[in-house]
1. In the set G55, G26, which member is open to solvent by 50 Å² or more (accessible area, probe 1.4 Å) and without any contact (Cβ under 8 Å) to a residue 40 or more places away in the chain?
2. Suppose we keep only residues that are in contact with a Phe, Trp or Tyr (Cβ under 6 Å, 6 or more places away or on another chain) and open to solvent by 40 Å² or more (accessible area, probe 1.4 Å) within the range 75-123. Which one would you say is farthest from Y37 (Cα to Cα)?
3. Can you name every residue in the range 49-67 that is of a type outside the set (G, A, S) and assigned to a strand (DSSP E or B)?
4. Give me the strands (runs of 3 or more DSSP E) completely within the range 3-48, filtered to those with at least 3 residues that are within 15 Å of the chain's Cα centre (by Cα), ordered by residue number.
Amino acid sequence: QVQLVESGGGLVQPGGSLTLSCAASGFTFSSAPMGWYRQAPGKERELVAKITSVGARTNCADSVKGRFTISRDNAKNTLYLQMNSLKPEDTAVYYCNTARTYYRLDSGAFDYWGQGTQVTVSS
């Protein structure tokens, strides 16, 4: 079955950088559109960035455009999120997930979620 393991989070000062990783198994990763999501305390989970199966197309939420970059290595079954110029409002638990189509990633309506990785931006 689908298994997603997020890692790479931590405590970082404002303006700092982090790279998150998502190790995927249980499905054909190279054929799967993928997305990064985040959930801050007291808020709904939101889509941060998404990428097509071969990485030809990406989209980011307006709040992270120009600061976050999503990428993937299909040979390693791994998804990445490079986060630069981090702000306190980026503090959240970050998750990855997959959908049948690139556009279905927008809903975030999935039965399965990994454990996520905590990102805290604070001085």
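The values are calculated or read from the model by the stated rules, or taken from the named source; none is laboratory data. From a predicted model like this one, the values you see are computed outputs, not experimental measurements. Quick reminder, even Gly has a Cβ in these numbers, built from the backbone with ideal geometry, and neighbours come from all protein chains shown. Accessible surface areas use protein heavy atoms only, side chains included; no ligands, DNA or RNA. Shrake-Rupley method; radii C 1.70, N 1.55, O 1.52, S 1.80 Å.
1. Among G55, G26, only G26 is open to solvent by 50 Å² or more (accessible area, probe 1.4 Å) and without any contact (Cβ under 8 Å) to a residue 40 or more places away in the chain.
2. N77
3. K50, I51, T58, N59, C60, listed by residue number.
4. Correct list: 3-7, 18-25, 34-39.
Okay, residues lined up against (1) in a strand (DSSP E or B); (2) at pLDDT 95 or above:
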residue: Y80; (1), (2): yes, yes
residue: V93; (1), (2): yes, yes
residue: N97; (1), (2): yes, yes
residue: R100; (1), (2): no, no
residue: R104; (1), (2): no, no
residue: F110; (1), (2): no, no
residue: Q115; (1), (2): no, yes
residue: Q118; (1), (2): yes, yes
